[in-house]
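Notes to accompany the following structure.
The values are calculated or read from the model by the stated rules, or taken from the named source; none is laboratory data. Keep in mind the model is a prediction, meaning the values are calculated, not measured. Using ideal geometry, Cβ is built from the backbone for each residue, glycine included, and neighbour counts are taken over all protein chains shown.
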Amino acid sequence: MPSSPPSKREILVFEPDVEGHSQEWLQHLVDFVADNDQAAAIAVLAPPALCATLSRAMPIVADHRIRFIAMTPREVRLCGHRSLSLAAFARWWVMRRYLRRSGADMGFFLCLDLLSLPLAFGLGTRGKPLAGILFRPSVHYAAFGNYRPGLGEWLRDVRKDLLYRMMLRNPAVATILSPDVGLLLDPTPATPPPNVIPRAFFAGLFKIPTLWGVKDTAPYFHDNGAKTLRDAVAHYKRFFNFTEEQDPVGSATLGGRITLTDTDVNDIVAYLKLLGPNGIDK
């Protein structure tokens, strides 16, 4: 049985996937809570191997504010089922179950993308609020102007758009975060999502690997969306060049202050290629 929760407010952070960046993201979160006495306490609900790895690296001073709850093998299997719909409902069920058992005050899905289906149906967690990170909304990509989806992608986006609108009406959903820089490109969406935090929130939130040897570590970003260094730098060119009209919330903080030209992109790419794993390449 999970141990008793600490006296201060506690968030149950749920991540059922071992592969990918899960360990890195959770380690950053553990480090943040360990370094900040005012941060809420967290209970990390994850597969046993991930809990064991993170607990070994946890600072002793944070022992009373961070705890780990290992999922059962059956829960891990269900949450990783190849049927995405089944996996989605399994993740909601596991979160609901452990919110009750752990006594945590709210639940946080490290990756919310799969959960839009059960949350769109209005499923809750017995009065406790839910939050999470939505990594690939994709329904706003048409605002970039050069986005030409195929039939399958178009159908996917229509489905996502419907599920997101329904999910945002779920009273259990308190906050949705997204590091997607185009999330609020449309200044007049049909249904404004006030509880979707804009890209400006994420400035400095994610720690990134060193740039030494970056030319040899393609593809780039959490979703491998940039296949080359030039793709990665071009992404930031669009990011910094957002206008107030395109992003009324985030542009004052991040956009409009830096304008990258094509020449700037070429220079940055050339510089990054010089950063060898052991120093500047001659």
Q) Hey, among V61, V76, V33, which residue is among the β-branched types (V, I, T), modelled with pLDDT under 95 and surrounded by 12 or more Cβ atoms within 10 Å (Cβ to Cβ)? A) V33
Q) Can F109 be described as buried (at least 17 other Cβ atoms within 10 Å of the Cβ), of a type in the set (F, W, Y) and at pLDDT 85 or above? A) yes
(Q) Checking L123 against (1) farther than 28 Å from A40 by Cα; (2) modelled with pLDDT of 90 or more, only one condition comes out false. Which one? (A) (1)
Q: Return the only residue of V44, V18 being surrounded by fewer than 18 Cβ atoms within 10 Å (Cβ to Cβ), in contact with a strand residue (DSSP E or B) (Cβ under 9 Å, 6 or more places away or on another chain) and either within 22 Å of S116 (Cα to Cα) or in contact (Cβ under 8 Å) with a residue 60 or more places away in the chain (or both).
A: V18
Q.
Pull out all pairs, ordered by first then second residue, where Cβ-Cβ is under 7 Å, the residues are six or more apart or on different chains, the first lies in region 124-142 and is of a type in the set (S, T, Y), and the second is modelled with pLDDT of 70 or more.
A. T125/M95; T125/R96; T125/L99; T125/G107; T125/A172; S138/D157; S138/K160
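Restricting attention to region 36-51, which residues are in a helix (DSSP H, G or I) and farther than 15 Å from W25 by Cα?
Answer for region 36-51, where residues must be in a helix (DSSP H, G or I) and farther than 15 Å from W25 by Cα: P48, A49.
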**Q.** Residue selected from region 82-106 under the condition out of contact with any Pro (no Cβ under 9 Å at 6 or more places or on another chain) and over 20 Å from A120 (Cα atoms), by the criterion surrounded by the most Cβ atoms within 10 Å (Cβ to Cβ)
**A.** R100
Q: With respect to V139, determine if the residue is of a type in the set (A, V, I, L, M), at pLDDT below 80 and in the same structural domain as V30 (by TED's automatic domain parsing).
A: yes
